[in-house]
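The values are calculated or read from the model by the stated rules, or taken from the named source; none is laboratory data. Fair warning: this is a prediction, and the values are worked out from it, not measured in the lab. Cβ: placed from backbone, ideal geometry, glycine included. Neighbour counts: every protein chain shown. Surface accessibility is based on the protein's heavy atoms, side chains included, excluding ligands, DNA and RNA. Shrake-Rupley method; radii C 1.70, N 1.55, O 1.52, S 1.80 Å.
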Amino acid sequence: DGRLTFYPGNQTVDLPFINFMRRYGTVFLNAYTNSPICCPSRAGSTTYLSKNLFFFSPPPPPAMWSGLFTHLTESWNNFKGLDPDYVTWMDLMEKYGYHTQKYGKLDYTSGHHSVSNRVEAWTRDVDFLLRQEGRPMVNLTGDRKHVRVMEADWRNTDKAVNWIKEEAINLTQPFALYLGLNLPHPYPSPYAGENFGSSTFLTSPYWLEKVTYEAIKIPKWSSLSEMHPVDYYSSYTKNCTGEFTKQEVRNIRAFYYAMCAETDAMLGEIISALRDTGLLEKTIVIFTADHGELAMEHRQFYKMSMYEGSSHVPLLVMGPGIKKQQQVPNVVSLVDIYPTMLDIARIPVPQNLSGYSLIPLLCGKAENEASPRGPRPSWVLSEFHGCNVNSSIYMLRTGKWKYIAYSDGHSVLPQLFDLTADPDELTNVAIKFPVIVRSLDKILRSVVNYPKVSSSVQEYNKRQFISWKQSLGQNYSNVIANLRWHQDWLKEPKKYENAIDKWL
């Protein structure tokens, strides 16, 4: 959650290395994902300033790797990412003489996601309501000496550290090192079966002690009957419509913050390795994420939402030529990473990209110096087409406004939030400000023909489902009944099969 990287969010948990980056670099106060889920957000996402570039991220997205919006790459869900031979910024940096190295989670061509995850995305237009995720829960492991909870991430961090100390220090060419982590993503919940989603917030007492419980805000929830219909669908499929005590909610949030603290420590290992080798002063370090975590805001956990907890991501940059102790209020997004990387390496930036280089903002230059393409837009776009949401969603953030349109723009009511007056996004003022809605919808349609895109996604989902169903033959009824939604499905299997047949 990007809000944890600046005040007041950073009062909740001790993040010393995020704070180090803030002190010696720039933090973006309004950075957004272009699609709040793993693969699509990654799919779309050093100059004279620097010899080296180090990119650190709890997972990046097709938007980040391609520099293009999701509707252009057609990275519709966690299974459909970029074409495997797509030219990423890292490919270009290697072509132009950089030594490149990747460790950890990439997730921009296709995620390692279950059949259930795909089927849930394809069938979201079906007229049924089934729980897809395990109920969010916490799990405390180990003792006060247990530091390495997410062992896979620590192994990849160790690899990156060793590479810096043993390889990078001896290079005669500049390098670009990428490290992708799973944390602070919730863990799979084994108690509910291997296909039942990642709904466990897991940490140890060591990390939990970094969290200030008294500072944890308990989110206000709308009643289920007052929820926006898409929010209700998401809350139900995420298994969050049941009763939760305030202590349960506080614990989920505390454990999530503790997982963020563990992530911060991995960032610290990288910074320390660069400092120990004398490379820190010559290296640009970038920290970002593919999406945030709702952690029980709006009666949801996980991502797949345009609310701030899900769509607002961290973005911090430090290194030679980067302005120190700078807070940038401009709205930016992950598609800006691609042109920024090329700008850093002094590689010609393609003109067809959706994003704009962040270098002018990082160096404290005026907006009119921003780009040969002209000034960056005053808005950012995010969109989502995957599971846990029964409609394509499009979000336009500009100034104090967040506008969210759904599907074809008519069948589902839009949302409008004034983030200055209502930072918790509790009051939809779309009906109150029709002129603002029309103005923002006009901008949105100039960027993406969203009714047409929604229709394309619906057709894609149906084609994919039919192909999958045909591949199963006689096993179809048994397989579909035993996906992650099995606890609900098995109560009335014929009813749900009939609903799918009607949809097809």
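Numbers for the structure displayed
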{"item": "Residue within region 349-366 that is small (Gly, Ala, Ser) and open to solvent by less than 10 Å² (accessible area, probe 1.4 Å) present", "result": "yes"}
{"item": "Counted residues, region 1-29 - those being under 14 Å from residue 216 (Cβ atoms) and open to solvent by 50 Å² or more (accessible area, probe 1.4 Å)", "result": "4"}
{"item": "Positions within region 86-103 being open to solvent by 10 Å² or more (accessible area, probe 1.4 Å) and not β-branched (Val, Ile, Thr), in sequence order", "result": "86, 91, 92, 94, 95, 96, 97, 98, 99, 101, 102, 103"}
{"item": "Cβ pairs under 7 Å, 6+ apart, first in region 484-504 and polar (S, T, N, Q), second surrounded by 14 or more Cβ atoms within 10 Å (Cβ to Cβ) and modelled with pLDDT under 95", "result": "487/131"}
{"item": "Filtered residues of region 398-431 (kept if small (Gly, Ala, Ser) and open to solvent by less than 60 Å² (accessible area, probe 1.4 Å))", "result": "399, 405, 407, 409, 430"}
{"item": "The one condition in (1) surrounded by fewer than 23 Cβ atoms within 10 Å (Cβ to Cβ); (2) at pLDDT below 65; (3) over 23 Å from residue 342 (Cβ atoms) that residue 50 fails to fulfil", "result": "(3)"}
{"item": "Enumeration of residues in region 23-36 that are closer than 28 Å to residue 396 by Cβ and either in a helix (DSSP H, G or I) or over 19 Å from the mean Cα position of the chain (by Cα) (or both)", "result": "26"}
{"item": "Whichever residue in region 118-141 is farther than 30 Å from residue 391 by Cβ and open to solvent by 60 Å² or more (accessible area, probe 1.4 Å) and, among such residues, is farthest from the chain's Cα centre (by Cα)", "result": "140"}
{"item": "Residue within region 467-484 that is at pLDDT below 95, over 24 Å from the mean Cα position of the chain (by Cα) and closer than 26 Å to residue 294 by Cα present", "result": "yes"}
{"item": "Boolean, residue 207 is of a type in the set (Phe, Trp, Tyr) and over 28 Å from residue 299 (Cα atoms)", "result": "no"}
{"item": "Options 308, 293: the member that is surrounded by fewer than 24 Cβ atoms within 10 Å (Cβ to Cβ), touching a Pro at 6+ places or on another chain (Cβ under 8 Å) and under 30 Å from residue 186 (Cα atoms)", "result": "308"}
{"item": "Strands (runs of 3 or more DSSP E) wholly inside region 377-452 containing at least 1 residues that are closer than 26 Å to residue 360 by Cα", "result": "379-384, 393-398, 401-406"}
{"item": "Residue in region 273-287 that is closer than 27 Å to residue 72 by Cβ, open to solvent by 10 Å² or more (accessible area, probe 1.4 Å) and not β-branched (Val, Ile, Thr) present", "result": "yes"}
{"item": "Where residue 304 falls short, out of the listed (1) at pLDDT 95 or above; (2) on the phi > 0 side of the Ramachandran plot; (3) of a type in the set (A, V, I, L, M, F, W, C)", "result": "(1)"}
{"item": "Residues (in a strand (DSSP E or B) and either open to solvent by less than 10 Å² (accessible area, probe 1.4 Å) or under 22 Å from residue 374 (Cβ atoms) (or both)) located in region 319-339", "result": "328, 329, 330, 331, 332, 333"}
{"item": "Residue pairs meeting the criteria (Cβ under 7 Å; at least 6 apart or on separate chains; first surrounded by fewer than 17 Cβ atoms within 10 Å (Cβ to Cβ), in region 158-178; second part of a helix (DSSP H, G or I))", "result": "165/273"}
{"item": "Conditions (1) among the aromatic types (Phe, Trp, Tyr); (2) open to solvent by 60 Å² or more (accessible area, probe 1.4 Å); (3) outside any helix (DSSP H, G or I): number failed by residue 244", "result": "(2)"}
{"item": "Residue among 202, 224 that alone is among the hydrophobic types (A, V, I, L, M, F, W, C) and surrounded by fewer than 18 Cβ atoms within 10 Å (Cβ to Cβ)", "result": "224"}
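One line per residue, one yes/no per condition, for (1) open to solvent by 30 Å² or more (accessible area, probe 1.4 Å); (2) touching a His at 6+ places or on another chain (Cβ under 7 Å); (3) over 12 Å from residue 135 (Cβ atoms):
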position	(1), (2), (3)
212	yes, no, yes
218	yes, no, yes
234	no, no, yes
238	no, no, no
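Listed here are the residues, each with its yes/no results for (1) modelled with pLDDT under 95; (2) in a helix (DSSP H, G or I).
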{"residue": "92", "(1), (2)": "yes, yes"}
{"residue": "113", "(1), (2)": "yes, no"}
{"residue": "118", "(1), (2)": "yes, yes"}
{"residue": "133", "(1), (2)": "yes, no"}
{"residue": "146", "(1), (2)": "no, no"}
{"residue": "149", "(1), (2)": "no, no"}
{"residue": "156", "(1), (2)": "no, yes"}
